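A.B. asks: Submitted below is the structure of interest, expressed as structure tokens.
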Amino acid sequence: MVPKQMPEYSPQKGQSIVSRGHIRITQTAPEKPTQAIITIVHHRPTNFMPPQTPLPSSQHITMIDAIEDLLPQTQCGKCKHPGCRPYAEAIANGESINHCVPGGQDTIDALALLLDIAPLPLDPSYGKTPEHRQVAVIREYECIGCTKCIQACPVDAIVGAAKFTHTIIRDECTGCDLCIAPCPVDCIDLINLPERLLTIPAQRQAQVTLQRNRYELRSTRLANLKNKQDARREAPAAPVNEAAVAQIKDSKTDIIAAALLRSNLKKAEKRLDSALLDGKDCHELENEILALRAELNALNG
Ligand code: SF4
Ligand code: SF4
Ligand code: SF4
């Protein structure tokens, strides 16, 4: 199949272009600061083919990037993939384009246009696209500070510390609902905001970029942490200082020996007391006590 071509977007006088993947943001220099005109254009690459056609690997990667650019970056997993990038990869390998619940019909239509295939309705077995933007809210007086929600949030939109109340940064919450199930006291609600959910890729580009950046930053942070943990685990053990270990062992042995001597000394002194009361010969006991005291003094230095 011959891929369709999009006309190249040429900046006018006084315009600047920023590109990310296949999205171009054209900014017109304003006469007054409040008059900035920002046009976000989805630029269709000219080298795309439908996913059924085998592609050389470099084109394949380009297509995955372009598909990912159209996904909402909610990272919710509702498409049954662990994030938007894995679903983009699956689409590039032939998976159906109608599994992204937050993206809804607008995203499906954009994907169909990109891939030159017929649009489909959203597969209802994956869920229903909400009409309004949703965010999670913590009932803070019930929060026990277990941090489980922080670990579940793919865009680091939750702040808190162990045993302290947690809270959600509303502007950064994607409404993915991944924090709700792990909460052991069920104190997180998903609420509808008055504003409608933006699903048209060009309209929600700023939001998508923010969500993607936060997701990537979090992924990098977690990967660095794991690398450090692995490196620590695999690092060769520090050489053992045999002399220090022997000294510790000796000192422990001395402490135990001294405790035993003190105990035996006390017992011998008790026996001596009762032998004296009974008027018995105490010569041997006295010698035993003297020997024990001498041993104890030697051990204590
Ligand atoms: S936003 Fe869409 S593509 Fe991304 S993880 Fe959720 S369902 Fe999948
Ligand atoms: S706070 Fe909850 S609903 Fe909001 S982005 Fe994080 S995990 Fe998703
Ligand atoms: S999972 Fe629930 S209880 Fe635990 S820190 Fe988050 S909101 Fe608080």
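The values are calculated or read from the model by the stated rules, or taken from the named source; none is laboratory data. In this text the structure is predicted, and so the values were computed from the model without any measurement. All Cβ positions, glycine included, derive from the backbone under ideal geometry; neighbour counts span all protein chains shown.
A.B. asks: I'm checking my understanding of the structure. Among residues of the range 166-201 that are of a type outside the set (A, V, I, L, M, F, W, C) and farther than 26 Å from T220 by Cα, which one is nearest to the chain's Cα centre (by Cα)?
C.D. replies: Top of the filtered list is P184.
A.B. asks: When residues of the range 159-192 are filtered for being of a type in the set (A, V, I, L, M, F, W, C), touching a residue at least 40 places away in the same chain (Cβ under 8 Å) and more than 10 Å from ligand 3 (Cβ to nearest atom), how many remain?
C.D. replies: Here the count works out to 4.
A.B. asks: So how many residues does the range 134-177 have that are of a type in the set (G, A, S), within 10 Å of ligand 2 (Cβ to nearest atom) and not in a helix (DSSP H, G or I)?
C.D. replies: Looking only at that region, the number is 3.
A.B. asks: Identify, by number, the condition in (1) surrounded by 15 or more Cβ atoms within 10 Å (Cβ to Cβ); (2) at pLDDT below 95 that A136 doesn't meet.
C.D. replies: Here A136 clears every test but (2).
A.B. asks: Which of the residues that make up the range 215-245 are at pLDDT below 80 and either touching a Ser or Thr at 6+ places or on another chain (Cβ under 8 Å) or surrounded by 10 or more Cβ atoms within 10 Å (Cβ to Cβ) (or both)?
C.D. replies: N241, V245
A.B. asks: One residue is enough: does the range 94-107 have a residue meeting the conditions at pLDDT 90 or above, surrounded by 20 or more Cβ atoms within 10 Å (Cβ to Cβ) and outside the structural domain of A66 (by TED's automatic domain parsing)?
C.D. replies: no
A.B. asks: I would also like to ask the following. Go through the residues of the range 148-156 one by one and say whether even a single one is charged (D, E, K, R), more than 9 Å from ligand 3 (Cβ to nearest atom) and surrounded by fewer than 16 Cβ atoms within 10 Å (Cβ to Cβ).
C.D. replies: yes
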